[in-house]
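Down below is the structure, laid out as structure tokens.
The values are calculated or read from the model by the stated rules, or taken from the named source; none is laboratory data. Nothing here was measured: the structure is a model prediction, and the numbers come from that model. For neighbour counting, all protein chains shown are included, and Cβ atoms are generated from backbone atoms with ideal geometry for every residue, glycine included. Please note that ligands, DNA and RNA were not included when accessible areas were found on the heavy atoms of the full protein model with its side chains. Shrake-Rupley method; radii C 1.70, N 1.55, O 1.52, S 1.80 Å.
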Amino acid sequence: MQEHIVSSFDRDLESIQARIMKMGGLVEQAIRDGAEALEARDEELSDKVRRGDKAIDELDELIHEEAARVIALRAPTAVDLRVILSVMKTANDLERIGDLAKNMAKRNSVLMQLAQIDGTTSALRRMARVVEVMLKDALDSYIQRDAALARDVIQRDRDVDQMYNATFREFLTFMMEDPRNITACMHLHFIAKNIERMGDHVTSVAEQVVFLVEGAMPAEREKGDRTSLDKSLSPEAGA
């Protein structure tokens, strides 16, 4: 009977973790498509990203329901409980990344009505590509229980912060050079901030891997986003 219970619990965990991987794949695709739509000014692809967020939300809800059921029926302890908790937190982070990708697609629809500013969208696509690879590696580290790879992902978020800071300064320059660029640059800045926040959520996924493997969260690190030091220039200032 005990072996049967353990076997059932393992199957439950495998099912939930399989859904996490499926959800992660959808989120990776959303980042990729959102950045491509931005650079290509592709309204159809932007719409695909917006519509695709529903499937991500549904998986998030399903994962939480299954995790709650496992906790109620199996009463997991120690390592098993860490697995369930990490799954729930990872699903939360993936859902938020999906929302940010959807927001990026929404702003692209607005940008398509404005004059294009040379070089800006390609920089954002490179930034999104870094985040996409980070997410792939974070999910790989989760499956492989590889804390070293997870820590590497955490460190790479500094690159995303530096890219965001560089684009932020570039947008300010464009706006100062020509006031007609202000509206487009503000939307581009919000997109850059969305991508930077994606990096933060990917970092959170990687931190959950460290927690899962080592039983403790990694030490909190200082953020590399310096724009938040001036609250008047932060995207949240206009929210």
| task | Translational diffusion coefficient, Stokes-Einstein: compute it for segment 1-114 using the Kirkwood radius over C-alpha pairs as Rh, at 25 °C and 0.890 mPa s, and state it as an integer in µm² s⁻¹. | result | 160 µm²/s
| task | Could you run the Karplus curve 6.51 cos²θ - 1.76 cosθ + 1.60 with θ = phi - 60° over segment 18-24 and give me ³J(HN,Hα) per residue in whole Hz, x for Gly and Pro? | result | 5, 5, 4, 5, 5, 4, x
| Vicinal HN-Hα couplings computed from phi for segment 74-84 (Karplus, 6.51 cos²θ - 1.76 cosθ + 1.60; Hz; Gly/Pro x) | 9, 6, x, 10, 6, 4, 4, 5, 4, 4, 4
| What is the distance, in nm, between label points placed 7 Å from the Cα along the Cα-to-Cβ direction at GLN155 and at LYS48? | 3.6 nm
| message | Based on the alpha carbons, how large is the Rg to Rh ratio for the chain when Rh follows Kirkwood? | response | 1.04
| task | Report GLU43's accessible area, 1.4 Å probe, all protein chains in place, as a number in Å² to the nearest 10. | result | 70 Å²
